[in-house]
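Readers should treat all values here as calculations from the given coordinates under stated rules, not as data from a laboratory. Bear in mind that the values here come from a model prediction, so they are computed numbers and not experimental data. A quick note on method: Cβ atoms are made from the backbone with ideal geometry, for glycine too, and the neighbour counts reach across all protein chains shown.
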Ligand SMILES: [Zn+2]
Ligand SMILES: [Zn+2]
């Protein structure tokens with residue numbers, strides 16, 4: 001008599017148990033990923049970001065002397081110019097078109113891995129940590145900014161966007177803006193710039209070739225937002241500045257009064273030569289290695 005109802009109750013309990021088991025399991029996987037994705041040690045802390053505290057703590061901001069204009073590492077041979085300003089050799093020869101570029105840290109080790117986790121691994125919670133770093137980089141520009149500033153993430157081409165499903169520069173910028181909530185003179189405008197065409201890999205190109213490769217890649221989609229305002233271009237990585245310069249060129253042409261650049265990371269020279277760290281990335285690595293330096297760069301093995 002009561003058979004069928006007991007049976008169905010048992011069945012529903014069983015289903016519930018299976019469901020809650022599955023939910024707990026998936027929650028566990030989300031909350032307790034097995035290993036730190038950077039160093040491989042077992043994670044014990046509850047976090048949506050699969051990176052251990054030791055690895056996060058190691059991602060320090062660049063403490064050494066850097067170029068006042070482009071953020072490049074400075075070496076003793078050109079520490080100060082006659083005006084008392086620290087500038088690298090390149091900026092002494094020709095000033096960049098942007099007012100100043102700042103970065104939180106060096107594009108290497110854990111910081112590089114964390115950026116890759118977001119960009120290529122799709123680990124979106126990494127954007128929050130990277131956003132904090134970007135906010136710190138932006139704060140170093142603070143004394144020089146005047147009036148309202150339009151914050152523009154470097155855009156992806158729509159084909160790349162479709163493939164990745166997000167623009168890492170925009171995610172990082174949004175996270176940074178949240179941290180700076182109280183200081184509302186910075187206004188994020190993610191659609192101000194668009195990428196009109198996908199650009200070929202910059203690896204192995206000379207500085208001149210890289211500029212040519214990027215020429216016409218960006219366009220201002222919202223000139224009314226840009227005109228008469230200072231603009232802060234933000235991105236995950238600054239390598240040689242070819243992307244920053246090209247974005248600056250179109251923004252200035254659209255009437256921006258000054259253009260600033262802030263990134264989470266920057267490639268830094270590893271010696272007082274024209275040699276920089278080159279990586280396998282195709283979209284953001286714009287190796288500044290001149291052709292004659294290529295064999296040397298390969299020998300470094302980075
Ligand atoms: Zn770790
Ligand atoms: Zn410089």
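Details
- Cα pair distances exceeding 24 angstrom across segment 90-202, given as percent: 32 percent
- With each label modelled as a point 7 angstrom along the Cα→C-beta vector, the residue 197-residue 161 pair spans 1.9 nm.
- For the peptides 237-249, 164-176, the ranking by packing is 237-249, 164-176, with the highest mean count of neighbouring Cβ atoms within 10 Å listed first.
- Residue 209-residue 124 pseudo-label distance in nm [points 7 Å out on the Cα-to-Cβ vector]: 3.9 nm
- In terms of overall dimensions, segment 198-278 has a Cα radius of gyration and Dmax of 14.0, 43 angstrom.
- The simple spin-label model puts a point 7 Å past each Cα toward its Cβ; for residue 179 and residue 140 those points are separated by 1.3 nm.
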